[in-house]
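The values are calculated or read from the model by the stated rules, or taken from the named source; none is laboratory data. Because the structure is predicted, anything quoted here is derived from the model rather than measured. As a convention, Cβ positions derive from the backbone with ideal geometry for all residues, glycine included, and neighbour counts pool all protein chains shown. In case anyone asks, the SASA skips ligands and DNA or RNA and just uses the protein heavy atoms, side chains included. Shrake-Rupley method; radii C 1.70, N 1.55, O 1.52, S 1.80 Å.
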Amino acid sequence: MGLTTAGTAACGKCRYFDTASTEQVGASLGLCRYNPPMSQSAQDAHGVWPKVETSDWCGHYERADA
Ligand code: SF4
């Protein structure tokens, strides 16, 4: 059975895709804001948001205009 979101879901259309950061990380990249930043192993390193392509997607996808 195929995934129902395949072909329709895309980070670039998701409510959790941070378009404000797109210019900082690249034209086709943005930050996923679904979860809090991920902690890093170095004690003094700050957490990072996952970088995703506009064409990526995951099971938490929600349409930005929904
Ligand atoms: S990784 Fe998932 S939740 Fe994050 S922007 Fe992409 S589809 Fe949305």
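Assorted remarks:
- In segment 39-66, residue nearest to ASP18 (Cα to Cα) [restricted to those that are open to solvent by 60 Å² or more (accessible area, probe 1.4 Å) and more than 13 Å from the ligand (Cβ to nearest atom)]: ASP65
- Cβ-Cβ contacts under 9 Å between residues 6 or more apart (or on different chains), taken from a first residue in segment 38-66 that is assigned to a strand (DSSP E or B) to a second residue that is open to solvent by 90 Å² or more (accessible area, probe 1.4 Å) and within 10 Å of the ligand (Cβ to nearest atom), are listed as ARG63/LYS13; ARG63/ARG15.
- Boolean, TYR34 is touching a strand residue (DSSP E or B) at 6+ places or on another chain (Cβ under 6 Å), in a loop (DSSP other than H, G, I, E, B) and at pLDDT 90 or above: no
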